[in-house]
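Chemist: Sharing a structure here in structure tokens format.
Nothing in this text is a laboratory measurement; each read-out follows from the coordinates by a stated rule. No experiment lies behind these values; they were computed from the predicted model shown. Cβ: placed from backbone, ideal geometry, glycine included. Neighbour counts: every protein chain shown.
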Amino acid sequence: MREYSKNKQMTINMIAAIVSFGINTGINFFLTPYIVKELGTEAYGFIGLANNFVQYATIVTSALNSMSGRFISIEYHKGNIDKASRYFSSVLVADIIIAGVMLLSASILTLSLDLLLNIPENLITSVKITFGITFLTFVISVITAIFTTAAFVRNKLYLNSLRDIISNTLKLILVVALFSFLPAKLYFLAMATLGSGIFLLLANIKVKKKILPDVKMKFSLFSFKLVKVIIASGIWCSIGYLSNALTSGLNLLICNLTLGATLMGLLSISISVPHCIDNLVTTIANIFTPRFTILYAKDDKGQLVEETKFSTKITSFLMTVPLAGFIGYGYKFYALWQPTKTPEEITVIQVLSILACLSYLFTCHSRTLMNLFTVCNKLKASVLVSLGIGVVSVIIVLLLVRYTSLSVYAIAGVSSILVSLKAIIFVPLYAAHILKIKLTTFYSSVARGWLCFFVVITIFSAINAFVSVSGWFEFIILCLISGVIGYIVSFPLVFSIKDAKKLKQIIIKKFKKL
């Protein structure tokens with residue numbers, strides 16, 4: 001398979017990841033209002049809740065799969081191919097066992113859903129089928145996970161993104177076919193996702209054999225000792241996933257049990273776009289991780305620090321405009337996107353969306369720093385801080401819902417505020433600490449992103465106050481013009497003169513190769 005320079009690989013990885021993200025977001029963009037219109041707000045809320053239950057299951061599986069790529073990559077780039085093979089095979093066998101246990105547990109849970117949740121009588125069967133298919137898709141993804149590490153090890157993440165593009169296109173075709181030729185059902189999206197999940201498993205197996213053939217996968221290479229080594233590190237990732245569940249993953253469940261299915265539906269609508277933004281931040285940040293891992297394996301700390309600082313600026317530059325645009329023009333967007341909702345409901349959805357986005361205003365500028373915790377295998381402190389935030393968040397939310405009139409706003413807002421504080425105070429300091437460099441090293445890069453956002457959101461808010469739109473065409477034109485303005489303003493705020501020269505050199509080199 002053709003090899004590329006590190007800068008070209010980074011560019012290809014990023015473009016492929018963004019295209020994949022765009023297709024997946026496009027599916028949700030067109031499908032969400034349709035489902036809300038055809039099936040109702042309550043039904044849509046259960047789709048989000050089913051995905052949240054998968055997030056709870058990920059707490060268990062992440063102990064193994066979150067760190068497997070790191071261990072395989074380290075051994076591979078040190079030339080220890082045999083040990084890399086033993087790591088790969090051990091994780092594969094363990095994943096198959098976990099998948100079997102998960103399938104049995106999910107079957108029991110699905111049959112008991114109506115005893116655990118507030119489900120409208122007319123939706124019980126559809127909700128159970130939706131949850132059942134969603135769990136089956138997750139079980140398949142557990143086995144798929146180890147094969148995706150091949151692209152990580154070879155720093156060819158664009159291959160994963162290309163497969164994601166194909167799988168999302170397949171999902172889109174299945175969704176369109178199901179909703180076009182059959183009466184609308186709640187579980188159609190889950191069925192389409194299952195089909196794309198099966199494709200991903202088969203495609204990832206094929207790509208692994210092609211780009212990482214020297215890393216063998218044999219049951220005879222299984223080592224319980226190596227599994228324990230990975231889990232010993234990965235357990236902190238599991239606790240991290242538990243923390244995420246406590247800070248945001250339980251929101252829909254708490255809303256369902258305390259405030260009912262209708263408000264849960266509105267909350268689910270409100271977090272759909274913020275979650276897409278968060279996924280994009282994560283996608284972009286993860287693109288840099290394979291390179292970080294390679295530099296760490298080679299003990300090149302100086303270059304690792306420089307590339308980490310540059311990566312925070314790239315992420316800040318790319319994400320500031322979408323975040324500021326969504327917050328600034330959110331009401332206009334929801335009024336067009338959810339035409340069946342009343343102005344009062346649109347206001348509720350918009351406020352909830354802003355509350356959900358609060359944490360992303362700060363985490364998007366430091367997300368690549370958090371990846372250093374995994375690369376350096378220094379997860380304990382970060383996870384414990386997150387766990388503390390999660391526990392405190394749940395307690396505060398339950399108290400506010402019970403004893404104040406904040407209702408669903410408390411559910412959406414408390415965790416965002418606490419997570420923001422972690423991103424501002426803890427992440428930059430701890431990233432510098434584990435690399436044993438000056439504690440304030442990363443603040444200059446991160447602070448540029450924060451300043452940039454507040455400048456851009458001020459501009460967008462001013463534009464929003466004077467510009468009205470009456471349809472999608474006018475809204476798209478508004479977003480395009482604002483986007484151009486936003487990125488022009490952002491560039492000198494995020495990048496230093498040295499960074500600008502570096503980007504210029506990269507661009508010139510690429511044009512010369514065309």
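Chemist: Give the shape of the stretch 363-514 as rounded, prolate or oblate, defined through the alpha-carbon gyration tensor: a ≥ b ≥ c are the square roots of its eigenvalues, a/c under 1.5 means rounded, and otherwise the shape is prolate if a/b is larger than b/c and oblate if not. Write out the running numbers ahead of the final one.
Modeler: Values: a/c = 2.61, a/b = 1.13, b/c = 2.31.
Since a/c reaches 1.5 but b/c is at least a/b, the shape of the stretch 363-514 is classed as oblate.
Chemist: Now, a different point. For the stretch 214-221, take each phi angle, set θ = phi - 60°, evaluate the Karplus expression 6.51 cos²θ - 1.76 cosθ + 1.60, and give the result in whole Hz per residue in order, putting x for glycine and proline.
Modeler: For the stretch 214-221, the Karplus-derived couplings read 6, 8, 7, 10, 9, 4, 5, 8 Hz, x marking Gly and Pro.
Chemist: Using +1 on the beta carbon of Lys and Arg, -1 on that of Asp and Glu, and nothing else charged, what's the dipole of the chain about the Cα centre, debye to 20? Let's see the in-between values first.
Modeler: Numbers: 45 positive and 19 negative charges, 513 e Å.
So the dipole magnitude of the chain works out to roughly 2460 debye.
Chemist: Would you mind checking the pairs 438/498; 156/436; 156/422; 206/298; 380/498; 225/378 and listing those with alpha carbons more than 26 angstrom apart?
Modeler: Working: 438/498 21 Å; 156/436 29 Å; 156/422 31 Å; 206/298 29 Å; 380/498 35 Å; 225/378 21 Å.
Distance filter (> 26 Å) returns 156/436; 156/422; 206/298; 380/498.
Chemist: By count of other Cβ within 10 Å, fewest leading, how are 237, 479 ordered? Walk me through the intermediate numbers first.
Modeler: Numbers: 237 24, 479 21.
Fewest-to-most Cβ neighbours within 10 Å comes out as 479, 237.
Chemist: Next up: Whole number please: convex hull volume per residue, Cα atoms of the stretch 1-245, in Å³. If you can, show how the numbers build up before the last one.
Modeler: Details: hull volume 32.6 nm³, N = 245.
Taking the convex hull of the Cα positions in the stretch 1-245, it is 133 Å³ per residue.
Chemist: For the chain, which DSSP H helices look membrane-span-like by this rule: Cα extent along the axis of 30 Å or more and mean Kyte-Doolittle of at least 1.0?
Modeler: Working: long enough: 6-39 (48 Å, 0.57); 41-77 (50 Å, 0.34); 81-111 (45 Å, 1.43); 124-153 (44 Å, 1.87); 157-181 (36 Å, 1.30); 188-211 (34 Å, 1.18); 261-287 (38 Å, 1.26); 301-328 (40 Å, 0.41); 343-363 (31 Å, 1.32); 380-403 (34 Å, 2.12); 443-466 (35 Å, 1.47); 472-494 (31 Å, 2.07).
Those that pass (Cα extent of 30 Å or more, hydropathy at least 1.0) are 81-111, 124-153, 157-181, 188-211, 261-287, 343-363, 380-403, 443-466, 472-494.
Chemist: From the gyration tensor of the Cα coordinates in the chain, what semi-axes in whole Å does the equivalent ellipsoid have, largest first, with each one equal to sqrt(5λ)? Write out the running numbers ahead of the final one.
Modeler: On the way: eigenvalues 226, 183, 105 Å².
Largest first, the chain gives 34, 30, 23 Å.
Chemist: If each DSSP helix of 4+ residues adds -39,500 (n - 2.57) and the sum is divided by the residues in the chain, what number results at 222 nm, nearest 500 deg cm²/dmol?
Modeler: -28500 deg cm²/dmol
Chemist: If you don't mind, another one. Please sort by residue number the chymotrypsin sites (Phe, Trp or Tyr not before Pro) in the stretch 260-350 whose DSSP state is loop and whose Cβ has at most 12 other Cβ atoms within 10 Å. Please list the in-between numbers first.
Modeler: On the way: sites: 288, 292, 296, 310, 317, 326, 329, 331, 333, 334, 337; in loops: 288, 329.
Here no chymotrypsin sites (Phe, Trp or Tyr not before Pro) fit, given the DSSP loop and packing criteria.
Chemist: Using only Cα atoms, what Kirkwood radius does the stretch 250-440 have, in angstroms?
Modeler: Values: mean 1/r = 0.0556 Å⁻¹.
About 18.0 Å, per the Kirkwood formula over Cα pairs.
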